[in-house]
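Below: the structure, in structure tokens.
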Amino acid sequence: MADTTKAQANIGVVGLAVMGSNLARNLASREGNTVAVYNRSWEKTNTLITEHPEAGFIASEKIEDFVASLQKPRTAIIMVQAGKGTDAVIDQLTELFEPGDIIVDGGNALFTDTIRREKAVRETGINFVGAGISGGEEGALKGPSIMPGGSAEAYQTLGPILSSIAAVAEGEPCVTHIGTDGAGHFVKMIHNGIEYADMQLIAEAYDLIRRGTGKSPAEIAEVFAEWNRGELESYLIEITAEVLRQVDAKTGKPLVDVIVDQAGSKGTGVWTVQTALNLGTPVSGIAEAVFARGLSSHPEQRAAAIGLPGPSDEWTVDDKDAFIEDVRLALYASKIVAYSQGFDAIAAGADEHGWNIDLGAVSKIWRGGCIIRAQFLNRIADSYAEVPDLKLLLSAPYFADAMSKAQDAWRRVVVASAQSGIPAPAFSSSLSYYDGLRAERLPAALVQGQRDFFGAHTYKRVDAEGTFHTLWSGDRSEVQAVDSH
Ligand SMILES: NC(=O)C1=CN([C@@H]2O[C@H](COP(=O)(O)OP(=O)(O)OC[C@H]3O[C@@H](n4cnc5c(N)ncnc54)[C@H](OP(=O)(O)O)[C@@H]3O)[C@@H](O)[C@H]2O)C=CC1
Ligand SMILES: O=C(CO)[C@H](O)[C@H](O)COP(=O)(O)O
């Protein structure tokens, strides 16, 4: 129980499930910290303090005691379920905290909720910081990537303690002040969108290799382990090899073969796509990943589709090693597209919400601690260092060169997917995005003509200023018009 007569802790954590308990241990392991902990139900608190006496936690059963155990100005990090749970805890803390104190929401909040909460809490004189935290259980314990928003003043107080618990990549802590109010949670949301795309692309690579070459999951694990020593080196490739190696103790089969093939989701991928749709930013690779999880999770429809015809011609892979190398290159190119789309979405969100987000700094803090950490984030960081206002990541020399080296293989893999009937939605949509971007002319011109035909939506001409409309139901002459978009 807390000694409510003395405020001993310099920081507190509310919510002691997987993320909160590990973050609290991380904080407690740093020199000079005394950590107060509180969870709605006592059981989790009790487990944490019983299993980790070395952390010297100050634990409270009541939130009033938790608040009393914090030194002023108080700082508490909330790690509870996003949505109503977070609102409930913010309300409780706002009642008990005083002006100058800091509430940090480290959960996966929707950034518009964070904007709303920051505004409401700021009016009480208390600081509110929405901070995206990535790294899962291990990251929370050993060093996550942290994406804090909120005011610059709050970050001055918070920055040092967040830096002390963050992952370190290339000698730099994986934390930076992203921007005001919801900027941190916006960037975390996009991080998760990229995570979805990356995972889907890896899953497609696995499926193509397995069905194309007949290799076992354990053999494919070795392929991924090999890839992890090259330009694809990343946490997600590393854990994919681990998952594919795992043998189910009950059946002796590869674990991947006994897991139900229906992918779940908690919402951040959907938010990314919804937000990008509102911003008019095509995050097509991320969207395909979200839809692929959705498709997998409709067992009745999938059962109804079994027996529908597949390709008539037999599809075989003649040179297995060459095919695997093609898949590797297709994965790398599609992954670059996913990150490029993600960075576009951040730039568009920053424009829309008036955030001054340093994309180079974002790429640096994703190099360590987070789920999408990858060797090639160093190349992204280099690209933004060379051209800070880079308009398209894909066009940076390193990435343009990577696309040039990968694109023939990428096309062969997409063809193989279509011919074999092995779905590869993220590979093929990423390739179409790439081809769409680099096209000198797009059939969007025809779409504009169609829109003008049925709705007098007007169009621009390539050879004259102004806005035009064809009198489709009249003599089909062209007239000047007011732009109706
Ligand atoms: N798991 C992960 O890998 C990652 C999770 N996150 C985010 O971090 C946050 C914490 O995640 P995780 O540790 O997985 O825990 P969960 O998202 O499973 O949330 C469980 C915690 O929320 C608390 N809680 C739920 N509702 C309320 C409420 N109304 N009032 C008070 N407390 C409430 C629970 O308390 P009780 O024990 O009493 O039920 C418990 O401590 C979430 O926002 C999540 O999205 C971010 C990155 C990675
Ligand atoms: O934020 C995270 C990692 O960065 C969480 O693990 C998140 O829950 C993953 O999303 P989903 O459950 O939808 O796959």
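The values are calculated or read from the model by the stated rules, or taken from the named source; none is laboratory data. Worth saying up front: this structure is predicted, and the values here are computed from it rather than measured. Glycine gets a Cβ as well: all are built from the backbone with ideal geometry, and neighbour counts include every protein chain shown. These accessible areas exclude ligands, DNA and RNA; they are computed on the full protein's heavy atoms, side chains included. Shrake-Rupley method; radii C 1.70, N 1.55, O 1.52, S 1.80 Å.
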### Query
Looking only at residues in segment 149-159 that are over 17 Å from His185 (Cβ atoms) and touching a strand residue (DSSP E or B) at 6+ places or on another chain (Cβ under 8 Å), which one is surrounded by the fewest Cβ atoms within 10 Å (Cβ to Cβ)?
Glu153
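Within 28 Å of Ala322 (Cβ to Cβ) and open to solvent by 40 Å² or more (accessible area, probe 1.4 Å) - does that describe any residue in segment 190-201? So that I can check it myself, show each step before the final result.
Of all residues in segment 190-201, those within 28 Å of Ala322 (Cβ to Cβ) come to 197-201.
So of that shortlist, the ones also open to solvent by 40 Å² or more (accessible area, probe 1.4 Å) come out as 199.
Yes, segment 190-201 contains at least one residue that is within 28 Å of Ala322 (Cβ to Cβ) and open to solvent by 40 Å² or more (accessible area, probe 1.4 Å).
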### Query
So which pairs qualify, if the first residue must be in segment 247-269 and modelled with pLDDT under 95 and within 13 Å of ligand 2 (Cβ to nearest atom), the second must be in a loop (DSSP other than H, G, I, E, B) and of a type in the set (D, E, K, R), the Cβ gap must be under 9 Å, and the two must be at least 6 apart or on different chains?
none
### Task
Give segment 105-149 a look and list any residue that's among the basic types (Lys, Arg) and within 22 Å of Ala345 (Cα to Cα), or say none.
Arg116
### Query
Is it true that some residue in segment 289-299 is away from ligand 2 (no atom under 16 Å from the Cβ) and either under 14 Å from Asp198 (Cα atoms) or at pLDDT 95 or above (or both)?
yes
### Query
Looking only at segment 417-439, which residues are surrounded by 16 or more Cβ atoms within 10 Å (Cβ to Cβ) and farther than 20 Å from Ala197 by Cα?
Ser420
### Near pairs, Cβ below 8 angstrom, 6+ apart or cross-chain, from segment 425-445 (over 14 Å from Leu394 (Cβ atoms)) to any residue that is of a type in the set (Asp, Glu)
Pro425/Glu204; Pro425/Glu288; Ala426/Glu204; Ala426/Glu288; Phe427/Glu204; Ser429/Glu288
## Note on the structure
Within segment 118-156, the count of residues that are more than 30 Å from Tyr235 (Cβ to Cβ) and within 16 Å of ligand 1 (Cβ to nearest atom) comes to 1
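Anything in segment 202-251 that is β-branched (Val, Ile, Thr), surrounded by fewer than 20 Cβ atoms within 10 Å (Cβ to Cβ) and either within 21 Å of Glu138 (Cβ to Cβ) or not assigned by the TED database to the domain that holds Ile324 (or both)? List them, or say none. Spell out how you get there, then give the answer.
Residues of segment 202-251 β-branched (Val, Ile, Thr): 202, 209, 213, 220, 223, 237, 239-240, 243, 247, 251.
Filter once more, so that each one left must be surrounded by fewer than 20 Cβ atoms within 10 Å (Cβ to Cβ): 213, 239, 243, 247, 251.
The answer is Ile239, Val243.
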### Query
Does segment 48-57 include one or more residues that are open to solvent by 10 Å² or more (accessible area, probe 1.4 Å), within 15 Å of ligand 2 (Cβ to nearest atom) and modelled with pLDDT of 95 or more?
no
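Does Ala88 count as in the same structural domain as Ala152 (by the TED database) and within 16 Å of ligand 2 (Cβ to nearest atom)? Can you show your working first?
On the way: in the same structural domain as Ala152 (by the TED database): yes; within 16 Å of ligand 2 (Cβ to nearest atom): no.
Considered against the rule, which asks whether it is in the same structural domain as Ala152 (by the TED database) and within 16 Å of ligand 2 (Cβ to nearest atom), Ala88 comes out as no.
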### Message
What are the pairs with Cβ atoms under 9 angstrom where one residue, in segment 149-160, is assigned by the TED database to the domain that holds Glu118 and assigned to a loop (DSSP other than H, G, I, E, B) and the other, located anywhere, is of a type outside the set (Ser, Thr, Tyr) and loosely packed, with under 11 Cβ neighbours inside 10 Å? Sequence gap at least six, or different chains.
### Response
none
## Note on the structure
Taking segment 105-134 and keeping residues hydrophobic (A, V, I, L, M, F, W, C) and away from ligand 2 (no atom under 16 Å from the Cβ) leaves Ile115, Ala120, Val121, Ile126, Phe128, Val129
### Task
Return a yes/no flag: does segment 135-148 have any residue that is without any contact (Cβ under 8 Å) to a residue 60 or more places away in the chain and either open to solvent by less than 50 Å² (accessible area, probe 1.4 Å) or more than 16 Å from ligand 2 (Cβ to nearest atom) (or both).
yes
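Taking helices (runs of 4 or more DSSP H) that fall entirely within segment 394-485, which contain at least 1 residues that are closer than 22 Å to Phe376 by Cβ?
By residue number, 397-420, 425-438.
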